[in-house]
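The values are calculated or read from the model by the stated rules, or taken from the named source; none is laboratory data. Since the model is a prediction, treat every value here as computed from it, not as a measurement. Glycine also receives a Cβ, built like all others from the backbone with ideal geometry; neighbour counts cover every protein chain displayed. Quick note on the areas: whole protein, heavy atoms, side chains included, nothing else; ligands and nucleic acids left out. Shrake-Rupley method; radii C 1.70, N 1.55, O 1.52, S 1.80 Å.
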Amino acid sequence: MLDLLMKRRSIRKYKNREIEKEVLDKILQGVLTSPSSKNRRPWELIVVNNRENLIKLGDSRGPASAPIKNAPLAIVVAADSQNSEIWIEDSSIIATVIQIMAESLGLGSCWIQVRERLTPQNQSVEDYVKNILNIPEKYNIECMISLGYPDEEKSPHNNETLPYDKVHYNEFNTAK
Ligand SMILES: Cc1cc2nc3c(=O)[nH]c(=O)nc-3n(C[C@H](O)[C@H](O)[C@H](O)COP(=O)(O)O)c2cc1C
């Protein structure tokens, strides 16, 4: 697990290669174990592999969403905010598990933020995405995770440069 976490980086360029059904099925099996508050599982995952929609989603935020345009697949993480007032936490957990599962299967991924973001035309990205994917009104969207076989190499995290100063023992230590 530590090796996996050290190796995971945001990958924004993908090979022109489909993600096999068995690989996607494993990702889905893994992520559906995600913990959620009161086990409400308020999330809905929209798996998108239709090129036309991937391009539209990839255009939603200019360069910030561009990775989706060259990805063979993206998973949009939506949630029923009426079912859980802490849907943001539940959605963020499942989105993170998608990224870790992807890494474990040799795929690269990138989190593309949706919630609280605007399109270049100042429209809510959430509304833009809901409209493209026919997501009913009552759902909110946290993010989209682009997925694919990596077409860029990134150096793994380095233990020497991890922010250990963010860790506090027994009380908050302001001394740097
Ligand atoms: C909540 C969140 C929102 C992010 N939004 C975007 C985004 O909209 N577009 C993007 O290209 N990367 C996005 N990222 C990826 C971060 O830029 C990336 O995780 C960070 O720079 C650390 O790099 P690493 O993932 O390679 O370790 C987001 C990551 C998180 C956790």
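Brief remarks follow.
- Among the residues of the range 16-43, those that are of a type outside the set (A, V, I, L, M) and within 24 Å of TYR149 (Cα to Cα) comprise ASN16, ARG17, GLU18, GLU20, LYS21, GLU22, ASP25, LYS26, GLN29, GLY30, THR33, SER34.
- Selection status of ILE27, in contact with a helix residue (DSSP H, G or I) (Cβ under 6 Å, 6 or more places away or on another chain), open to solvent by less than 50 Å² (accessible area, probe 1.4 Å) and closer than 22 Å to GLN123 by Cα: no
- Enumeration of residues in the range 123-153 that are assigned to a loop (DSSP other than H, G, I, E, B) and closer than 15 Å to LYS69 by Cβ: ASP151, GLU152
- Unmet criterion (only one of (1) within 13 Å of the ligand (Cβ to nearest atom); (2) open to solvent by 10 Å² or more (accessible area, probe 1.4 Å); (3) farther than 13 Å from ILE11 by Cα) for PRO150: (3)
- Among the residues of this structure, GLU116 does not count as one that is part of a helix (DSSP H, G or I) and either among the acidic types (Asp, Glu) or within 12 Å of the ligand (Cβ to nearest atom) (or both).
- Residues in the range 58-73 that are open to solvent by less than 70 Å² (accessible area, probe 1.4 Å) and within 12 Å of the ligand (Cβ to nearest atom): 10 in all.
- For the range 81-92, the criterion of being away from the ligand (no atom under 15 Å from the Cβ), open to solvent by 30 Å² or more (accessible area, probe 1.4 Å) and without any contact (Cβ under 8 Å) to a residue 24 or more places away in the chain is met by at least one residue.
- Checklist (1) over 21 Å from ILE93 (Cα atoms); (2) in contact with a Pro (Cβ under 8 Å, 6 or more places away or on another chain); (3) not polar (S, T, N, Q) applied to LEU107, failing item: (1)
- Scan of the range 111-138 for residues that are open to solvent by less than 40 Å² (accessible area, probe 1.4 Å), under 18 Å from ILE88 (Cα atoms) and not charged (D, E, K, R), ordered by number: ILE112, GLN113, VAL114, SER124, VAL125, VAL129, ILE135
- Taken as a whole, the range 15-24 holds no residue that is within 16 Å of the ligand (Cβ to nearest atom), farther than 30 Å from THR161 by Cβ and not acidic (Asp, Glu).
- Close contacts from the range 153-171, counting a first residue that is within 14 Å of LYS7 (Cα to Cα) and a second that is acidic (Asp, Glu), with Cβ to Cβ under 9 Å and a gap of 6+ residues or different chains, come to PRO156/ASP3.
- The range 154-168: number of residues that are within 12 Å of the ligand (Cβ to nearest atom) and loosely packed, with under 11 Cβ neighbours inside 10 Å: 4
- Candidate set: the range 94-113, residues that are assigned to a helix (DSSP H, G or I), in contact (Cβ under 8 Å) with a residue 40 or more places away in the chain and near the ligand (Cβ under 10 Å from one of its atoms); chosen: the one nearest to SER36 (Cα to Cα): ALA95
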